[in-house]
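Taken together, the values in this text are just the output of simple stated rules run on the coordinates, not laboratory data. All figures in this text were calculated on a predicted structure; none of them were measured in a lab. All Cβ positions, even for glycine, are placed from backbone atoms using ideal geometry, and neighbour counts span all protein chains on display.
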Amino acid sequence: MRQPIIGLCPVCHREPRGYGWFDAIFRLHDPRREKTRKTLCSPGCQSICHGRKGMIDPTPNEQDALNAGGQSGGAYLDSLGQTDLAELSLEDWQAFIEVIVTAYCDHLRDLAGRDQDHIASMREGVPL
C-alpha cells in the first residue's frame, strides 16, 4: 500500500502527486541534498523547481488577472458590508474565494483570447 504524501506542493500549493525534485549539486550522502528535496504535484511544478529553484514571477497577464480577482473580491466584500475576513461565515468565505478565483481565471482567458487575435493578425504580415 502506498504511503500518503504529507504537505502541499511548494510551488502551487496543490496536493502532491508523486513528482519530486532535489538539488543535484549536492552529493548523494550530503545532508544538504535532503533539505532541498521537494514533493510536487506535476511535471510543470517539477520543471519550475528544476529551472528556477522556486516559483516563477507572474506574467503581465497573470498580474492583470490578480488585480481583476482582487477587485472582484473587494466588490463581493462591499456587497456584504464586511471588511473583517475573520468574521465571514464559512459560506461567505467560500463564496469570497470562488469570486476571486473565477474572476482571475475569466480574466486570464479573456487576455489569452486577445493575445491569440493579436498573434493571428501578426502572421498575416509575415512573409514565409
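Dipole size of region 60-123 about its Cα centre, with +1 on Lys/Arg Cβ and -1 on Asp/Glu Cβ: approximately 380 debye, rounded to the nearest 20.
Would you mind classifying region 69-117 by shape? Square roots of the alpha carbon gyration tensor eigenvalues, ordered a ≥ b ≥ c; an a/c under 1.5 is rounded, otherwise it is prolate if a/b is larger than b/c and oblate if not. It is prolate, given that a/c is not under 1.5 and a/b is the larger ratio. Charge tally for C41 (other residues, Cβ to Cβ under 11 Å; Lys, Arg +1; Asp, Glu -1): +2.
The modelled label-to-label distance for the pair R33/S47, using points 7 Å beyond Cα in the direction of Cβ, is 2.6 nm. Packing-based ranking of 13-20, 40-47, 27-34, 70-77 yields 40-47, 70-77, 13-20, 27-34, ordered from highest to lowest mean Cβ neighbour count within 10 Å.
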